[in-house]
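Each value in this text was obtained by applying a stated rule to the coordinates, not by laboratory testing. A quick note: this is a predicted structure, and the numbers were derived from the prediction, not measured. A quick note on method: Cβ atoms are made from the backbone with ideal geometry, for glycine too, and the neighbour counts reach across all protein chains shown.
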Amino acid sequence: MLCGMSDPLAPLMELGGVAEAAKRAQDAVFAVHRLPANLRGGSATAAEASVRAARASAALDGADPELPDDGSVTDPVLAGSLRVAEATESLLPTWRRAPLQVLARMHVLAAADLTDDPNALGRPRTTDGSGEAGDSGGTAQRLELLAQLVTGATAVPGPVVTAVVHGELLALRPFGSADGVLARAAARLAMIATGLDPKALTVPEVACFRRQRRYEEAARAFASGEPDGVRQWLLFCCESFEAGAREAKSIADAATP
């Protein structure tokens with residue numbers, strides 16, 4: 001879907017309803033930042049949002065999202081998702097200038113309990129899934145293009161950039177393990193870095209989990225590269241940002257005395 005034009009995402013804003021949906025998403029997220037609990041700093045609400053996001057993301061990949069009472073997480077997908085969530089703030093500065101390094105680091109965190117081969121961690125796959133060597137559909141090139149977008153090669157609004165980061169990584173499955181968790185964590189970094197959600201207060205991951213069938217259908221539509229499919233994904237993501245803002249409001253309301 002990405003190409004080498006001056007602003008490769010600019011045409012997406014011409015797809016029916018996308019510009020309007022992105023504006024609604026931005027307005028909903030910005031409103032959350034003005035809630036009293038978040039105006040006071042928002043660290044507690046952001047921490048709760050981060051945990052909810054990690055649990056929902058793990059559940060989308062088939063994990064049990066429940067946290068044990070004793071705090072000992074044994075589900076490998078959930079454990080990895082929580083590790084990535086904990087590292088998000090520290091990874092943000094590098095994400096802004098070298099996102100591929102961050103993707104590699106997040107894969108190490110997310111997939112540490114999913115493979116017995118430490119050499120597989122943090123290394124994009126070089127097979128097409130059949131075991132044959134090669135660059136599986138231009139994965140490396142598309143990752144480079146994605147990195148260019150993250151580091152400023154586009155001027156489209158944050159909701160659209162975030163949706164493309166999310167959709168591209170789901171489509172590419174660049175590492176072959178923990179790719180869903182990785183895609184959603186990268187989208188979370190994109191939300192922060194683009195200014196869509198600078199305090200990471202919202203939880204669109206919960207909306208994706210509650211609408212998992214639509215989420216998966218929209219992701220497949222995006223991967224097709226067809227304009228209608230890309231539009232379907234962008235609109236779904238914008239809806240999820242709005243729903244994630246409602247989840248954030250519930251968190252803020254609970255934190256307000």
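Specify the residue with the greatest mean-square fluctuation among 69, 116, 27, computed from a Gaussian network of the chain linking alpha-carbon atoms under 10 Å apart.
Answer for the Gaussian network model of the chain: 69.
Based on the alpha-carbon gyration tensor of the chain and its eigenvalue square roots a ≥ b ≥ c, which shape applies: rounded if a/c is under 1.5, prolate if not and a/b is larger than b/c, or oblate?
On the way: a/c = 1.65, a/b = 1.10, b/c = 1.49.
Oblate is the answer for the chain, as a/c is 1.5 or above yet b/c matches or exceeds a/b.
Using alpha-carbon positions, what is the distance between the centroids of segment 38-97 and segment 223-249, in Å?
One Cα centre to the other: 21 Å.
Please give, to one decimal in nm, the separation of the simple spin-label points placed at residue 117 and residue 224, each 7 Å out from Cα toward the Cβ.
Each label point lies 7 Å from its Cα, and together they span 3.4 nm.
Which value at 222 nm does the chain reach when only helices count, each DSSP H run of 4 or more adding -39,500 (n - 2.57), with the total divided by all residues and rounded to the nearest 500 deg cm²/dmol?
Working: 11 runs with 162 residues, N = 257.
Only helices count here, giving -20500 deg cm²/dmol.
What size of dipole, in debye to the nearest 20, comes out for the chain about its Cα centre when the only charges are +1 on Lys and Arg C-beta atoms and -1 on Asp and Glu C-beta atoms?
Approximately 740 debye in magnitude.
Pairs of alpha-carbon atoms within less than 8 angstrom and 6+ residues apart define the contacts here; what relative contact order does the chain have, in percent?
Details: 374 pairs, mean separation 76.5, N = 257.
Taking the mean separation of contacting Cα pairs over the length of the chain, I get 30 percent.
Which one of 101, 63, 245 has its Cα pushed farthest toward the positive end of the charge dipole of the chain, where Lys and Arg give +1 and Asp and Glu give -1 at the Cβ?
In the chain, that residue is 245.
If a helix is a whole DSSP H run, which ones in the chain reach 27 Å or further along their own axis (Cα) and hold a mean Kyte-Doolittle hydropathy of at least 0.0?
Helix filter hits for the chain: 76-97.
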